[in-house]
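**Student:** Below you will find the structure I want to go over with you.
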Number of protein chains: 2
Amino acid sequence: MGTVSKALTLLDYFSRQQPEIGLSELTRTSGMNKATVYRLLCELQAGGFVEQAGSDRAYRLGPAVLRLANVREATVPMRDVAEAALRRLSDATGETAHISLMQGDRMAIFAFAYSAAHGIAVRMEDVEFLPLHASSTGLAVLAFSSANLAATALSGPLPAITPHTVTDPERLRTLIAAARAKGHAESLGGIEEDVHSLAVPLFDARGTCVGAAAVATPAARMTRALQDRIVTALHQAAQEIVAHWGGAMPDELRKARTDAI
Amino acid sequence: MGTVSKALTLLDYFSRQQPEIGLSELTRTSGMNKATVYRLLCELQAGGFVEQAGSDRAYRLGPAVLRLANVREATVPMRDVAEAALRRLSDATGETAHISLMQGDRMAIFAFAYSAAHGIAVRMEDVEFLPLHASSTGLAVLAFSSANLAATALSGPLPAITPHTVTDPERLRTLIAAARAKGHAESLGGIEEDVHSLAVPLFDARGTCVGAAAVATPAARMTRALQDRIVTALHQAAQEIVAHWGGAMPDELRKARTDAI
DNA sequence: AACCAATGGTTTGAATAATGAACCAAATGA
DNA sequence: TCATTTGGTTCATTATTCAAACCATTGGTT
């Protein structure tokens, strides 16, 4: 692991849940040497990527990331595209829609939209990452990424987040294979007991899977008809998003997709 | 210069004007070795900080910066605070208001607001960085930062952006000293011939100067009375912004500031 | 077609920077 | 008072980075 990667990894530990981290804590959670972490933080600080908060000497993300995000947005207004598509998707289905992107070996929630159709809906506010094995999103990505990714994901720990979480690697492999065949993935209560979600993969310009779009419903509300409507809407939304991102769909999916629509 | 700093420096070359950069071009503009740039880019790419665009193999900023910016915003909603204050500032003065932050050894425009009072106003859309020696913003920062920064800034090249740009280090030093005494800096046509701007410094929690708030007017519109109104409004806005950012004003400024208000 | 220049990407021993264990001073709390 | 934890620093060892070359491919020119 290169020095730069280490530094970037450090940035990954900052989250909405834990926005400020002290030197010692960061050395503990990252498992790196304290001196190393310190020097990396110094360089990140010099670049404005982290700064030291006022009260204690804890570190938090710095203003440099804002500028970069601005440029990124100006370059590739993905978020706008995604949010517009998600609004349409949630309107069409009456349920919560969201998009997550692969970030290293995790999936980070990228954007989401609620429907006004129901007073009860799946909320996304407090979720930042999704487990690869327990979410429809994660299964969709595993189904359309290199076998490599699936292998490493399934060889790691597979925590049972709910009693319904599938944790058996063999069963997960069949779920992934099914997702690949059908063009979409499914999860019933894998992360929260009463949430039923469906997901389709998203691809970048090189044809590699970068994430997934999903629709999540309260399990009680899911019917066969709604499921069909969601899958159709998901495929359309994914097609649209990928096109706007300058992405390219693999041929195998194009067939499953036209079948579904 | 450490490896991490180099990698972060590479990110700095991406801008709204030049959102995609090829390997060779980046080696040229950065002055680093090609192999070095390549490896750094590979690591940045693995972290999602850059990605390769579809058409050619040029690099552009990646999606990772978006997530970090989200967290940063959730942690320190500086931008919202700044924008609200700038709206008030531009309303109060009838002129364009903006805030820029130190980013390494440059000043990056961070936020701005227009007034509805006039059809003609100074526009900020296409500006991304401000020169330290030619802008009121830059002079304000130099006046309230370490002598070190001023020394390095004045020892480098001082391009004459307009015929009115002050480029003589000695004259700049007196301007900076005046700004320190008065609590605000001034630039008449330093960047654009007909723009008159006033700026006050902003400070972070550690009491170090991190940027400046400024109001820019068409030179023809500036009067003694307007200037007084702007300086007063600037000091109030700066006080408010710094307070919201959890910053601390140096005592020397507090006096000049209360005098002005 | 032959050529040229430029591109992205890869290799090499020699130079340089990163590393990690131990250490320090200051703050905190028992 | 003493023990613990904090942010920060030091220095010999070690791994990484450097610079200059080299490939393979592309696009344009003659």
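What follows draws every value from the coordinates through simple rules; no lab data is involved. Predicted model, so just to flag it, every value in this text is computed and none were measured. Because the Cβ atoms are built from the backbone with ideal geometry, glycine has one as well, and the counts that use them run over all protein chains shown.
**Student:** For B:2-14, what's the mean count of beta carbons from other chains sitting within 10 Å of each residue's beta carbon?
**Tutor:** Across the residues of B:2-14, the mean count of other-chain Cβ atoms within 10 Å is 6.
**Student:** Relative to the other copies, what are the label-point distances for B:T223, with labels 7 Å from Cα along the C-beta vector, expressed in nm at one decimal and sorted shortest first?
**Tutor:** 7.1
**Student:** No solvent, one uniform scatterer per C-alpha: report log10 I(q)/I(0) for the stretch A:39-90 via the Debye equation at q = 0.17, 0.26, 0.32 1/Å, two decimals.
**Tutor:** After summing over all Cα pairs, the log10 values are -0.65, -0.91, -1.09.
**Student:** Follow-up question, since we're still on this one. When the Debye formula is applied to the Cα atoms of the stretch A:3-67, each taken as the same point scatterer, what base-10 log of I(q)/I(0) results at q = 0.19, 0.28 Å⁻¹?
**Tutor:** Reported log10 I(q)/I(0), two decimals: -0.63, -1.46.
**Student:** A further question follows. Taking the rotation that carries B onto A, look along its axis and tell me which residue of B has the beta carbon nearest to it, distance in whole angstrom.
**Tutor:** Residue with the nearest Cβ, plus whole-Å distance, for chain B: B:A69, 2.
**Student:** How long are the three semi-axes of the equivalent ellipsoid for chain B, computed from the Cα gyration tensor as the root of 5 times each eigenvalue, in whole Å, largest first?
**Tutor:** So the three semi-axes of chain B are 34, 20, 19 Å.
**Student:** Right, something else. Other chains near A:41-47: what is the mean number of their Cβ atoms within 10 Å of each residue's Cβ?
**Tutor:** 4
**Student:** Any idea what the relative contact order of chain A is, in percent, if you count C-alpha pairs under 8 Å spaced at least 6 apart? Intermediate results must be reported in sequence, preceding the final value.
**Tutor:** On the way: 427 pairs, mean separation 38.8, N = 261.
Relative CO of chain A lands at 15 percent.
**Student:** B:G119 label points, 7 Å along Cα→Cβ, one per copy: pairwise distances from this copy to the rest in nm, shortest first?
**Tutor:** For B:G119, the inter-copy label distances come out at 5.3 nm.
**Student:** About its Cα centre, what dipole magnitude does the protein assembly as shown give when the only charges are +1 on Lys and Arg Cβ and -1 on Asp and Glu Cβ, stated in debye to the nearest 20?
**Tutor:** 540
**Student:** Of the listed peptides A:76-83, A:194-201, A:123-130, A:233-240, what is their order by residue-averaged count of other C-beta atoms within 10 Å, with the highest listed first? Write down the numbers at each step before the final one.
**Tutor:** Numbers: A:76-83: 18.4, A:194-201: 26.0, A:123-130: 15.1, A:233-240: 22.8.
So the order, starting with the most tightly packed, is A:194-201, A:233-240, A:76-83, A:123-130.
**Student:** Place a +1 charge on the Cβ of each Lys and Arg in chain A and a -1 charge on the Cβ of each Asp and Glu, then give the dipole magnitude about the Cα centre in debye, rounded to the nearest 20.
**Tutor:** Approximately 400 debye in magnitude.
**Student:** What are the nm distances, shortest first, from A:M1 to its equivalents in the other copies, labels at 7 Å along Cα→Cβ?
**Tutor:** Spacings between copies for this position, smallest first, are 2.6 nm.
**Student:** Stokes-Einstein D for the protein assembly as shown at 37 °C, 0.692 mPa s, Kirkwood Rh over Cα pairs, in µm²/s? Before the final figure, lay out each step's value.
**Tutor:** Details: Rh = 25.1 Å.
So the translational diffusion coefficient is about 131 µm²/s.
**Student:** Rounded to the nearest Å, what's the spacing between the alpha carbon centres of the stretch A:205-238 and the stretch A:17-48? Just the number, please.
**Tutor:** 39
**Student:** Among A:M32, B:M107, what is the fewest-to-most ranking by other Cβ atoms within 10 Å?
**Tutor:** By the 10 Å Cβ count, ascending, the order reads A:M32, B:M107.
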